[in-house]
Every structure is written in structure tokens, then in C-alpha cells.
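Enquirer: For reference, the structure I am asking about is given below.
The values are calculated or read from the model by the stated rules, or taken from the named source; none is laboratory data. It should be emphasised that the depicted structure is a prediction, and the values quoted were computed from it without experimental measurement. Note that we place each Cβ from the backbone using ideal geometry, even for glycine, and neighbour counts take in every protein chain shown. Only protein heavy atoms, including side chains, enter the accessible area calculation; ligands, DNA and RNA are left aside. Shrake-Rupley method; radii C 1.70, N 1.55, O 1.52, S 1.80 Å.
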Amino acid sequence: MTTIPSSTPGWSKVQIPRPLQRLFDLFPLRAYEPNHLPERSQQLTSSSLPTLYIFTTEEDARLGLPSFNPTCLRWQTLLRLTGLEFRVLPSTNHASPTGALPFLLPARSNSSSSSSSSTSPPSSSSPSQPPPPPPTPIPASKLLPYAQSHANPTKSSHPATSGDRLFPTRARAYVALVSSHLRSAWLCALYLDPSRSDLLDALYLRPASSSAAVRAALRRQLRKAAGEQILDSAPAAGALQSGSGSGSGTGEVGNNKSRGWGWSWQEDGTAINPRAVYASAREAMAALASLLAESKTEWFFDADAPSEFDAAVFSYTHLMIQYMSDGEEEAGALGKMVRRAGEGELARHREMLWRFAWPEGNGEVKEGR
């Protein structure tokens, strides 16, 4: 405990009322040591396995099922492909040290665990020892190096040991097909399409808050962020339409039946063309299906095992089939687009990667959820 004297050189330079000065003299400022985290927090951050925090449900986390968020699913799949043993827990962006999911909390060191378990309870006369500090969280940008250095090769039929193997050089030319075209279609269908408001509520809003006002505000924030991301990739994804739609303000969804479409979305006066977004995604899927058809193996670029590019494609095709197989393709039935791309290469790729990365699933692929 450190006591800061009330009479410091600084006070001579600051004129304050005498009654306040006497009050400060009677009650000097004290700086206390920081409190330790509750013991229950040690249990939440202590595990013999690394913990991956992602968007998921409690039940799906318990079963180790895929995340419903494409970014989280990509890394969840990739970590499984490397042979890393880890557990999954649900979380939100607000709980992430970087402000975004996923992130991984490494297992506590064996020395810390053994010391805490072997030490007898402290006597009442001796102060309790502070718990060991929790491990440093690992953001998504550093997950792959961590997995490569901590994976158990015996747990995977193809231990991923090099960046070139995980992400072939040829794949870089096709990254935009996934990161721009497929992502824009997913954002447009889930966040901006009013017909999927129930799905958006079930995945992101209801788990976040029971307050209708909070959910409404969060819905506006998510739609605005999704629209901005689509507009950022508009040159590649063909998202822009000439003129403005009839949405009634910035970041709002409105009717657009005059152009043969049921809704539109605007950001700063620029309208997003859903039909163009979905058409661009269909072309991207056709290109990816053709790329798979040319492969001599089951995976992209003739790889003998799934790579990071396979995981990136799977993160969208799996969720599109699982959550967006109803309706017409032109209205955002992305699951049907995946199935009809080429000769069904993307749908077969999705099923194979599911069985490869989730062998405990016994080949059962959830669809139309």
C-alpha cells in the first residue's frame, strides 16, 4: 500500500479553497494494489487445451460444430486441418482483445498448473498467493503460426507445416472471388435482405440482448457495417446500381419495385444493387467450380490435402447451403447457387471438407437450418 502525501510541490502552484485543502489533509489520497481476478475467472481461462472463441451457440460449442460466422468458420476449419487440439467457446466482438473474432487463448503452462495444484492451501497467517497470469490471447492474424508450432501431427492425416502448402501461390489470384464476391453476397443476403431478418435475429441479435431497443440499434449498426463493406468491394462485386433507390435515408432498407426488385439499400446516396451482387457471386462460383473440375485431386490447385484456400471457400459454401437454400437464386438463395455451380463441384467439395475436418460428424451435414 502506498500513501501519497497530501502536501506535494504541485499544491503550491494550484490555488484551491482552504476548506478543500483541510479536507485533503484529513483524507490523503491512497493508491491501493489492484484486486485479483475472481477464482471463477481462472476456471474460465484455464484449460489443458487452447480455447478458440468464435461466434457460435452454447450447444454447438459443446459439440464442436462449425461456427455460423464465415470468418470464424474459416479459422476453425483451418485449425482442425493443422491437427491442433482445441476447444471452442462462444463469444462476441466486444469480448475480443482485438475487437473482432476469432481469437485463441492458449492453454496455461504446465508449470503454472502444477504449481497451483501441488501447493497446499495457505494458512490464515500468510497472505494468499496471486493466481498465475492468464495466457496472452492470440488474434486471428497469428493463429496459423501458433497452430503450426503446437499442432499434433498424429491427430491429422496431413499435418500442415508450411505456409505454401496451406495457401498455394496460385490461390492468391483467386482470393477476390471469395473475399469480395462471395462475401458481398453473404452480407447482402443476411444483413440487408428484410426477408432474412429472423435469421439475423436468431444468429446475432437475440443472443446479444433481450431488449428490443438494443436489438433494433444493433440491427442498424450491423446493416450499416455490412453495406459499407459491400460498397468497399463494389468494383469487384458489381454491387453498385445507377441512380438512387427509394430507401429513405443513409444506411436504410427501402422498396425498389420500380426496378423489378423488392428492396434496396443506400449509403450516402449510393444504392446497392442486390441482383448485381448475386449475379457476381454466381459467376464467382462458376469460376471456382471450373477450377475444381480441372484439379486432379479433390482439392483446389491439385493439392493432395485441403489448404487454406479450401477452408476459405468452405466457410461460405457450407453456411450458404446450411442457412440459405430456400427461395430463388435471384432473391439470394445462395445455397442453390452453390449446388448448381458447374457440375456440382462446390457442393461435393463442401461435403468432402466437412468429413475431412469433422470426422466425428459421421458424414452428417446439416442443411436448411
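Enquirer: Heavy atoms only, 1.4 Å probe, whole protein assembly: order T71, T317 by accessible area, highest first.
Expert: T71, T317
Enquirer: Between T136 and H94, what FRET efficiency follows from the Cβ-Cβ distance if R0 is 30 Å, with the result rounded to 0.05?
Expert: Computed FRET efficiency for T136 and H94: 0.95.
Enquirer: What value in Å³ per residue do you get for the convex hull of the alpha-carbon atoms in the range 308-347? Intermediate values should be presented prior to the final figure.
Expert: Working: hull volume 2.3 nm³, N = 40.
Residue-normalised Cα hull volume stands at 58 Å³.
Enquirer: What FRET efficiency would be calculated for the residue pair E33, E360, taking the C-beta separation as r and a Förster radius of 35 Å, to the nearest 0.05? Each step should come with its number before you reach the end.
Expert: Working: r = 47 Å, r/R0 = 1.33.
Using R0 = 35 Å, I get an efficiency of 0.15.
Enquirer: Just to make sure I understand: if all protein chains stay in place, what is the order of F300, F356 by accessible area at 1.4 Å, largest first?
Expert: Sorted by accessible area, descending: F356, F300.
Enquirer: Another question, then. Could you check the simple spin-label distance between T57 and R348, using points 7 Å along Cα→Cβ, in nm with one decimal?
Expert: 3.2 nm
Enquirer: How far apart, in nm, are two points set 7 Å out from the Cα along the Cα-to-Cβ line at T297 and at S149?
Expert: 2.6 nm
Enquirer: Mind ranking V214, V88 by accessible surface for me, highest first, 1.4 Å probe?
Expert: V214, V88
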